[in-house]
Structure formats: C-alpha cells, structure tokens
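What follows is a set of notes on a single structure, which appears directly below.
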Amino acid sequence: MLTTLVLIPFVGALVTAVMPARPKLWAFGFAIATLIAGLVTMFTAPDTDVVWMEPLGVHWALEMDGFGKLMVLLTVVLVPLVMVAAVKDHDKRWYAWALALEAFALLTFLAADLFVFYIAFEATLIPAYFMIGQHGGPNRAKAALKFLMFQLGGGLVLLGALIGFFVVSSEAGAPSYLISDLARLDIGTTAERWIFVAMFIAFAVKAPLFPVHTWLADTTEQATTPTSVLLVCVLDKIGTFGMIRLCLGLVPEASAWATPVVIVLALISIVYGAVLAIGQDDLLRLIGLTSLSHFGLITLGIFAATREGLVGAILYMVNHGVATAAMFLIAGFLIARKGTASISSMQGLEKATPVLAGTFLIAGLATAGLPGLSQFVSEIMVLISAFDYHWLVGVIAVTAIVLAAIYVLWAYQRIFTGPAQLSRRPVRDLDRREVGVLVPLLVALFFFGFVPGPLISAAQPVVAPLVDVIQAGE
Amino acid sequence: MFESPGISYATLWPVLLVLGVACAGVVVEAFAPRAARFNAQVSLALAGLVAALAGTVAVGAGTALGASTGEGALVIDGPGVFSQGLVLLVSLGGVALFAERRLDNGVSAFAGQAAALPGTSAERTASQRGLEHTEVYPLMMFAVGGMMLFCISGDLLMLFVALEVLSLPLYLLTGLARRRRLLSQEAALKYFLLGAFSSGIFLYGLALVYGFAGSMSLAEIGEAAAEDGSSPLLLLGIGLMAVGLLFKTGAVPFHSWTPDVYQGAPTPVTAWMSAATKIAAFAAMLRLFYVAFGAEGEIWRPAIGVVAVLTMLLGASFAIVQTDVKRMLGYSAVAHTGFLLTGLLGVQTDAFGSTQAVLFYLTAYGFATLGAFAIVSLVRGPNGEVGSLDRWAGLGRTNPWVGATFAVFLLSMAGLPLTAGFIGKWGVFAAALGAGQWPVVAVAIGSSIIAIFFYVRVIMLMFFTDAREDVATVSTPSYATSVVIALSAVATVLLGVIPGPVLSLLVDAGGFIG
C-alpha cells in the first residue's frame, strides 16, 4: 500500500513525459491520485518490508509514523496546488519532473531502511536539478549547477556515514540497513561521532544551515516560484527530517555531544538569514533567506532536545511549508504582473491589487509568527525550549521574531503602500485560478493557528521515545 | 623425462575458441575475396564470442569451477570466470560498434589502408576505392583471447604472455582511425612505446619474484611470501610488477597515455578497449595481489593507497579542464581506476568483500563507458565526429533521447543512486572502509564531488544551453550500435535498481583460489 503511494507519482512522471495530448492534465490527475492515496494510507497502511539487495542487507521497507504522516500530508497537498500555479509558464517536462520529485520525496519520508532513504534522498536531486535548469531566470543553469554541487557534495558525505553503518552492522553479524536494526547497534563513540558529523553535514546542506546555505538564495532567485515551493517547502524538509529521524534516532549520544556547535550554527542562521533578508531588493531572494532563518529555528528546536522543542520543530516544518509556499506563490503572481522581482521597482500596488496585497500580508505575518496564525504555536514551543537550553540562546533566538516583523512589514510597505505608480498597463488583481491556489493554504494557516491540536498529537508519539533516548544518553 | 602438463579442455575451450576464431580471421583475410571479407569477419567474430560466452556461462555453472589446470598455470575460479564473461559481453558490444558503417557514408571508422601515409595520393586512392581494414576483427579477437587468459592466469609466465597477447593488438587498433590519422598514429606510437616499457618493467619484476620464490605459480609465491616477507627481491618484484599493471589500468603516475589514446583511437576501439582492458587488468591485478602477495598486504596497501589517492584526485581535476569529450572521458577513466584501486585496498572476505566490490564496479563502469563512447561516435559534424564540448551545447534539446541516454551514462559514472555506478561506488568504498582505509575513502568522497562537477557540466551543456549555429548533429546509426547503446543503458539502470542477482552471483562466485 505504501509502495503504491510512491509508485503513483512515479508512474505519473513517466506517463506525463511521453503523453502527447494534455500532459499537464494527466500530471494533475496523478497528483490528485497521490493526494487521495496519501490520505487513505494515513489511516490504513501496513508497513512494507521486502528483502531488496540481500548481500548488502537492504530491505524495501516503508512505514508511516506520525512524523511521516505530517510530511506526506504536506507533500501531497502542495504538489497539486503548485501544479495549478505553474500552469502558465511551464511545459510538460516540468510536470513530469515535479511528479518524480514528489515520488522520491515521499519515499524519503516513508523509508524505514537507511539505504532506501539515501537512494531517495539523492534521487530527488535529479528532478530538482532539471526543474531549476529548464525553467527560470537567465542564470538558471549556473544556479542549477551550484544547487546540485552542494547537494551532491552533502549526499556523498552522507554516503560515508551509510558505509560506516554497513561496516559496523557487518561486524555485529549479518548486515542490515533497517533503521530499527541500526538503532540497536552498539557503535563505538568515535565511529558514532564521525557518522553523526557526516550525516549532519548532509542534512545541513539540505536544510539549509549556515555556512552551507549559499545555494539557497541563488536557487530561489533563478528558479520559478513553483519550483522554489517544492524545493524549500518539501525538499529542504528532508534535511530537518533526517536530523530528527537519523541523527537523533540513530546516534543520540553523538547528537548530544555536538549540540553546542549545532546550536551556534542555528543561531547564526537565524540572525544572519533574517538580516540578509531585510537588505534584499529581490523578492525571491528575500523569501529564500527568510527560510534560512526559519530553518535555523527548526534546527534549534530539534537540538535543544526537549519535548516542546522537538514537537515545535516538527510543527514548524509543516507550518513553514504552508506559509512559505503561500509567500512564494504570491510573490510569483506579483512578479508575473510586474515582470521583475525587484522590490524597488514596485510601489503602491495596494489600490490596484487589494486581494494580492491582503494575502501577501497574511502569509507574511504567518511567517513572522503572528498569534492566531499557524507558525506562532510552533515558534513559541521552539523558543521555550531555547530558553530551557540556555537563557542566552533564547534571547538571541527571540530576535528572529523582531527581525521577521521588519522584513515582512518593510517589504509590504515598499511594495504595496505609497503613491500608486502611473504604469502604462494596469496591474490586475488575482484571478480565480490564483485565488483557488492560495485559499487552501491560507485556510490551513488559520486553522492550524487556532487548532494546533491534531498536529501536536501526531508529533507527540514520535518525539517521546527520542527524548527518552537522548535524556538517557546525557 | 619431461611430462606434458594435463590441460582441461573442458574448461578452457571458450578461450581457445576465441583465439581459434582470431586465427580463422587471419585465414579469411588471406583467402576470401575483398567484397566478402567484412560480412565473413563480423559473423565469425560474433558467432565466436557468443559461443565463448555460452561456454563461459556453462563453465561458471559447472562443477569444474574452482580447479586449476595446466600445472596451475590457469585457474578456473569464480571471479576469473565472471570477469571472462564480462569481457566477452563487452566485446560483443565492441564488435557491433566496429561493424558500424552507416555513420560515415558506408565506410567503417577504420582507415582504408593503414600503410598509406596520411595526406598522400595513396591514401586518397584507398579511400576512393572504398577500402577498409577488416583485419581489425582478428586483431580484436586476439586481444579478447589475451584478456580472457589474463583473467585466469595462475602463474607469472602465463600472466606475461596474456598481457602481451592483449596489448599488441590494442596498439595497432589505436592507430587505425579513418579520420584525423596523424592524431591516431601518434596515440598508437605513444601507447606502444610506453606499453613496451611497462611490459619490460613488469617482466623485470616477474623475474625478481621468481628469483625470490623459485616458482612461477602464484599460489606457491603466496606461500613463500607468507614465510619470508621481508626479502628485498620480493618487495622490489612487487613494486615493478605493480608498475606494469598500473600502467595497463591507467593509474597515476602511469596514466599519461590514457587521454591521448582515448582521443586518438577510433571511437569504437576506445569504447570497447576502455571497458574490456580495465576489466581484464583489474581481474589479473586482484588475483596477483590477493593470491601471490596477499601476505604482504601491509607493504603494498599503503603504496597502492597513495596511488589510488593521486589517481582519483588527478583524474578528476584534470577532467574538469578538458574541452574534448573523449579526453574528458579519458581522464574520467583515470579517476575510475582510482576508485577501483580503492576497492583493491579492502580485504577479501567470504561475503561481500573487495573482490566482489571491484568486479561489480567493473560491470557498472564497463556498460557505462561502452555506451558513452558509442554515443560519442554518433555526434558528428561535416568532418566526422565532433569531440569539442562547446559544439555539444544544446544537443539534449535537439536530440532528447540521445542526450538523455548520455546523461544516464554520465550519472552512473558520477555514482548517482538508481544507477549501477552508485552500487559500484558504494561497494568499493565499503570494502576499503571495512579494511580501515578511511583516509583513502575520505579522499575518494572528495574526488567524487569533483568528478560530479564535470559530468554534470556536460549534462548542463546539453540541456540548459542554447544551441550554437555550428552545433553537432546526431547521425542515425545502424541497428547494431543502437542495440549496444540501448542495452548498455538498460543494464546501467537495471543494475542500479535491482543489483541483487548480480551481487548474489558475485557472492556465490567466492574469492580467488590459489
């Protein structure tokens, strides 16, 4: 059943690539089918476990726990929405790649075998690379290359960890890559630390975290906004997903050992990303850099390693996905109207496009963590855990809220307020298709803002054993 | 009284068949009318290789596996037979590429008359008469026979004989390109001279090892080395023999011929040679190092480790600055030699050990390189093949299928998951890490990152760059070449997705026997 969930978008990608007539409609159909399959498997899905490569101890093992459910939900909901948003500027190649990306992303969230996780982790890069390289700004080829070099570099370092696990598990008896088996392994302290470092580098590149974030701004600037949504809101989550599932899950002691360094990196990301975002004139770069700041907060929540922090981080991943997707899409709609992403060339759009301005403000305030919008709850939980860890860490992390308010409101002010420009052709407001894309996202923002319960209860059971292991380790 | 050694023809007939086909090819060349030669040679070579492949499979599945014959000169063991089969598979593809006549207006990629000097009237006459060298097929068969012997050589003399039998035809084949003949002849000369030196060094090392052990047999040398490992004769011998083999595989600092020969040789020859030679050379190298010098692991492992590190780094970094696709693939072949040497550093264990890892890597690399060079031979301009990378720009847009297939081969060489190259890379890294060689593995990971850059750059060039005015065109090949490319691509993907059967085959094949 879980295999089907991965297969539907994968087959969809192949069908879309070869279908001569109406490929986009086919792609959308497969995306909807994946959405339905995702929802169904959330309630009834037995785990899968089939031996795949016996000499290497690799199993085709998939399972969906609460954490996986949230990430799968995020993915299957975003992909069809993004496809609707992408319809004007993309050809069928993009749709095929998007479905392939969805298939591999789902596979990483479902993988119960480290080898399968790794294969999916790396395989996501191929569609992403082509999506960036084939559609977007004038320097997209360069951005695609930079993206791929960073990601594959991180991936190969992760390969080192993967092989390390194989060696250790071979020595312990028959090799196995099942995550449940690996968690029981007795790894020496040194080996465990090396494995942690390798995994963390890979996930930090993916997430992204300072100082390996530099691909992010270039990529979001050059890629089209639907691509950016899939990259930042789905693909990058694999990084933080891996930190929780693999770093904390498999090498908790080494995670505790490295926490101080990670916290410092996270704090730098939070402040640095936000400060850079404030100074950006390119709207897409700006949104990309806010994500750097947010991923810093997520990482902080993960490694502060209290129950609130972890739950907060998981919630944050979902909410950030929704809010940032909305931001990117709105920015895309805006840029399609103005023909440029430069903030300084926009002014006074409020009058002409009230709906656009309103949705921008809501999504923006959501990313800034306004109470009543979804991100608030997760942000508070992360900040509480930051204060629990150390008061100074908390104080620095809190600046994120202030800085976020600055970049969101200032961008709003520069784009939408002020005297309206006298342009040759009037700027239209959002049409029905665009509103249709944004409404589900905004509803989710409000809904989870007032009713975060379901998210928390999905994350709780995943977090509890992790926290126990970590606290036992300390 | 001299007793002739017993020869087990039941297990050796595939090798003898291939050599027999080579001799028959010479006879055909002498007596058949010119018009009939091409068809006769191609069908003879194909039939011989198919029969030999069937025989090799039968030997591999039979009870004779694990025996030595000819007084231990030839060893029929799992890894040996596996690599023989692999050589035969790749050579079948090679024959198909050799026989390609559709790309170049009805003539093959080989010179009309090699003896005619480039630019003379004799050459013009040869090309006007539409002459072609059909000697390439017997030459190739001799080389294949030598490679098959190289894979199963159990003693030093056999090793040397096989080395020569496989090398000499390669030197000739390199110099036979129809186009850009001076480049081709220069490459052949360079290959021959350096190859002759390396053979000499190999022979010298061989003599020293014999002087130490008093025996040619690899197994007996292994026993002698286990007893007395500190003998300078042995150590010097190991070093000199290693030089010979490292030359054949194109390891730094003996790699300098690789890019020139890869570029200069006719592309079908490059395609076949880059895959087959590497398979045979590594099969022999594994056997030599594990069986004869296994006891000396502490001595040669660090040295090979240093060579592996240099080979990976240098191959990958030099590939970045190449502007010719064949030279780039040549330097990438150097880098792959480094990865294979990393696998050699591992220990030979019962389960998935370094022998299995290296052989799987060779399988993955063999198909990828065969397919990649086959595609290179399709990309042409008015003056034959176009190697210059900037004229490849936009090729993926004008010819999506060719671009996509080439991308598959490149991604496999780069080691991306879901391709055979990934499992191969995983295997050699795991083997080396299992033996505690983590510094080498760290460098290997670093070089992989460098290597990805130039593979991806080509993909970028093909798909994301706008086509120039003088963009190369893709000629439609005959079915043979298309089949080779398609099968290589299928194998590359299939071995990445379901490597299980081949891995199990390798595990069942076990290790080398003495």
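The values are calculated or read from the model by the stated rules, or taken from the named source; none is laboratory data. Since this is a predicted model, take the numbers as computed values, not measurements. We place every Cβ from the backbone using ideal geometry, glycine too, and count neighbours over all the protein chains shown. Quick note on the areas: whole protein, heavy atoms, side chains included, nothing else; ligands and nucleic acids left out. Shrake-Rupley method; radii C 1.70, N 1.55, O 1.52, S 1.80 Å.
Chains B and A: how much accessible area gets covered up at their contact, both sides added, probe 1.4 Å, in Å² to the nearest hundred?
Chain pair B/A: roughly 2900 Å² of buried accessible area.
Provide the FRET efficiency to the nearest 0.05 for the A:Gln460-A:Leu392 pair, computing r from the beta carbons and using R0 = 25 Å.
Details: r = 29 Å, r/R0 = 1.15.
It comes to 0.30.
Take the solvent-accessible surface of the protein heavy atoms, probe 1.4 Å, and return the percent of it on the protein assembly as shown that carbon and sulfur atoms account for.
Solvent-exposed carbon and sulfur of the protein assembly as shown make up 68 percent of the total.
Using amide H atoms built 1.01 Å from N in the peptide plane, name the residues 5+ places from A:Ala223, or on other chains, whose amide H lies under 5 Å from its own.
Under 5 Å from the amide H of A:Ala223 lie the amide H atoms of A:Gly137, each far enough along the sequence or on another chain.
Using alpha carbons only, how many degrees (0 to 90, rounded to 10) separate the axis of helix A:252-278 from the longest principal axis of chain A?
Approximately 10 degrees, to the nearest ten.
Kindly report, to the nearest 10 Å², the accessible surface of B:Asp228 as traced by a 1.4 Å probe over protein heavy atoms only.
Using a 1.4 Å probe on the heavy atoms, I get roughly 70 Å².
Go ahead and estimate [θ] at 222 nm for chain B from helices alone: -39,500 (n - 2.57) per DSSP H run with n ≥ 4, summed, over the residue count, rounded to 500.
On the way: 20 runs with 363 residues, N = 514.
For chain B, the value works out to -24000 deg cm²/dmol.
Taking 0.36 nm per intervening residue step and subtracting the Cα-Cα distance, what contour gain separates A:Val275 from A:Leu14 on full extension? Can you show the working numbers first?
Details: separation 261, 0.36 × 261 = 93.96 nm, distance 4.26 nm.
Extra length available between A:Val275 and A:Leu14 comes to 89.7 nm.
Across the residues of B:499-507, average count of Cβ atoms on other protein chains within 10 Å?
3
Please give the solvent-accessible surface of B:Thr323 in Å², to the nearest 10, using a probe radius of 1.4 Å with every protein chain present.
Only protein atoms counted, so the area is about 100 Å².
Helix-derived [θ] at 222 nm for chain A: sum -39500 (n - 2.57) over DSSP H runs of at least 4, divide by residue count, nearest 500? List each step's numbers first, then the result.
Details: 20 runs with 348 residues, N = 474.
Using -39500 (n - 2.57) per qualifying helix, the result is -24500 deg cm²/dmol.
Taking the simple approach of a point 7 Å from Cα along Cα-to-Cβ for both B:Ser43 and B:Thr473, what is their distance in nm?
It works out to 3.4 nm between the two label points.
What is the magnitude of the charge dipole of the protein assembly as shown about its Cα centre, with +1 placed on the Cβ of each Lys and Arg, -1 on the Cβ of each Asp and Glu, and no other charges, expressed in debye to the nearest 20?
Rounded to the nearest 20 debye, it is 3720 debye.
Multiply the residue gap between A:Ala420 and A:Asp91 by 0.36 nm, knock off their C-alpha separation, and tell me the result in nm, one decimal place.
Length difference between fully extended and current span is 115.0 nm.
Could you tell me the distance between the Cα centroids of region B:414-440 and region A:84-162, to the nearest Å?
Centre-to-centre distance over Cα atoms comes out at 22 Å.
Highest mean first, what order results for B:378-390, B:24-36 on Cβ atoms within 10 Å?
With the highest mean Cβ count within 10 Å placed first, the list reads B:378-390, B:24-36.
Hey, got the dipole for region A:80-217? About the Cα centre, +1 on K and R Cβ, -1 on D and E Cβ, debye to the nearest 20?
620
Compute, for chain B, the length of the dipole vector about the Cα centre, with Cβ point charges of +1 (Lys, Arg) and -1 (Asp, Glu) only. Units Debye, rounded to 20.
Numbers: 23 positive and 27 negative charges, 355 e Å.
Dipole magnitude for chain B comes out near 1700 debye.
Setting aside same-chain residues fewer than 8 positions from B:Lys278, which lysines have a Cα under 26 Å from its Cα?
B:Lys190, B:Lys248, B:Lys326, B:Lys425
Mind giving me the FRET efficiency for B:Glu298 and A:Arg432? R0 is 60 Å, r the Cβ-Cβ distance, nearest 0.05 is fine.
Efficiency for this residue pair is about 0.20.
Using a 10 Å cut-off on Cβ to Cβ distances, tally the other chain neighbours for every residue of B:416-422 and report the average as a whole number.
Mean number of neighbouring Cβ atoms from other chains: 5.
Taking the Cα centre of the protein assembly as shown as the origin and placing charges on Cβ (Lys, Arg +1; Asp, Glu -1), which of B:Gly305, B:Leu193, A:Gly348 is farthest toward the positive end of the dipole?
It is A:Gly348, whose Cα lies furthest towards the positive end.
At B:Leu131 and A:Tyr412, where each label point lies 7 Å from the Cα along Cα→Cβ, what is the point-to-point distance in nanometres?
A separation of 8.5 nm, rounded to one decimal place.
Return the distance in nm (one decimal) between the two label points of a simple spin-label model at A:Asn139 and B:Leu189, each offset 7 Å from Cα along Cα→Cβ.
A separation of 4.8 nm, rounded to one decimal place.
Under 1.5 on a/c is rounded, so check that first for region B:463-504, then, if it is not, pick prolate when a/b is larger than b/c and oblate when it is not; a ≥ b ≥ c are the square roots of the alpha carbon gyration tensor eigenvalues.
oblate
Suppose all protein chains stay in the model; what accessible area per residue would a 1.4 Å probe give for chain A, in Å²?
34
Considering the dipole of region B:371-488 built from charges on the beta carbon (Lys and Arg +1, Asp and Glu -1) around the Cα centre, which of B:Gly415, B:Ser377, B:Ile459 is farthest to its positive end?
So the residue furthest toward the plus end is B:Gly415.
Taking every residue in A:49-59, how many Cβ atoms of other protein chains lie within 10 Å of its Cβ, on average?
5
Gap in Å between the Cα centre of region B:97-168 and the Cα centre of region A:164-242?
49
Applying 1/(1 + (r/R0)^6) with R0 = 56 Å to the Cβ-Cβ distance of B:Asp466 and A:Arg184, what FRET efficiency is obtained, to the nearest 0.05? Write down the numbers at each step before the final one.
Working: r = 55 Å, r/R0 = 0.97.
After rounding, the FRET efficiency stands at 0.55.
Is the shape of region B:356-411 rounded, prolate or oblate, going by the alpha carbon gyration tensor and its root eigenvalues a ≥ b ≥ c, with a/c under 1.5 for rounded and a/b larger than b/c for prolate?
Taking the square roots of the gyration eigenvalues as a ≥ b ≥ c, region B:356-411 is prolate.
What does the charge count near B:Met147 come to, summing +1 for each Lys or Arg and -1 for each Asp or Glu among other residues with Cβ under 13 Å from its Cβ?
Charge balance near B:Met147 sits at +1.
Can you count the Lys pairs in chain A whose Cα atoms are under 18 Å apart, with each pair 8 or more apart or on different chains?
So the count works out to 7.
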